[in-house]
Amino acid sequence: MTAGTLDESNETPLDRATRIIAGSLAQGLMEAEVIIAADRDARAQAVAPELLEALERFGGVLTRLVEHTERLAERMAELTEAVGAIADSRAATPAAKPRLPEFASAFRAGGEGIDVTISSVPGFQELMELQRALVRLPHVQSAAVHRFQDDEAGIQLVLSQAATGASIADAVAEATGYRIVVEESRAEALQLRLRFLDGKA
């Protein structure tokens, strides 16, 4: 690839300016090299050997500089193509699905326990499954149902280790297969509100 084959439609103003400058510099250096070589050949008989040797070394430096400048122009073209490909890839990526809010405040272990309210309970059987799942959790000391009316239940939950409302809901959902979300988590008030979603995950 050379600078001349660059797809200019993806260029930014900075890329285009850099390409033009690099190309102009390479062209100017090549012309300078040709002029110096012609002048050196014309004066070869009259120029001292030391000066002739210096001119040859300078010509060699110019040649290497031209090569580096051409490689720089090629690299700029490759980078421009890579940036364009990344931009196309990001544009084709679907937007992330919205997530329910996370509740980071952790409930402390022990004490009077947490007042857990569960809404949209499908039935008594599902409530018993949820209670058994809670009791089996490693960070739960006890879970006692004290209320169940109009598809809403209340459980007094005592923890043996600190845990967040989200971690409790996720563990129960994984153990039972039901989809359960946190509606409210207030660690400072020892209140946690969960809700059954329709069906199993």
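The values are calculated or read from the model by the stated rules, or taken from the named source; none is laboratory data. Just so it is clear, the model here is predicted, and its values are computed rather than measured. Methodologically, a virtual Cβ is constructed for each residue, glycine included, from the backbone with ideal geometry; neighbour enumeration extends over all protein chains shown.
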Check off (1) surrounded by 13 or more Cβ atoms within 10 Å (Cβ to Cβ); (2) out of contact with any Leu (no Cβ under 6 Å at 6 or more places or on another chain); (3) at pLDDT 90 or above for VAL121 and give me the number that stays unchecked. (2)
Identify the single condition in (1) at pLDDT below 75; (2) in a helix (DSSP H, G or I); (3) loosely packed, with under 14 Cβ neighbours inside 10 Å; (4) not hydrophobic (A, V, I, L, M, F, W, C) that GLU33 does not satisfy, given that it satisfies every other one. (3)
Going through region 143-174 one residue at a time, which ones are under 16 Å from GLU126 (Cα atoms), within 31 Å of the chain's Cα centre (by Cα) and among the aliphatic types (A, V, I, L, M)? ALA169, ALA171, VAL172, ALA173
Under 8 Å between Cβ atoms, which residue pairs at least 6 apart in sequence (or on different chains) link something in region 122-136 that is within 13 Å of ALA171 (Cβ to Cβ) with a partner that is of a type in the set (Ser, Thr, Tyr) and crowded, with 18+ Cβ neighbours inside 10 Å? LEU130/THR176; LEU130/TYR178; ALA133/THR176
Selection status of ALA189, free of Cβ contacts under 8 Å to residues at least 12 places away in the same chain and under 16 Å from ALA109 (Cα atoms): yes
Could you go through region 176-185 and let me know if any residue there is over 18 Å from ALA106 (Cβ atoms), surrounded by 18 or more Cβ atoms within 10 Å (Cβ to Cβ) and under 32 Å from the mean Cα position of the chain (by Cα). yes
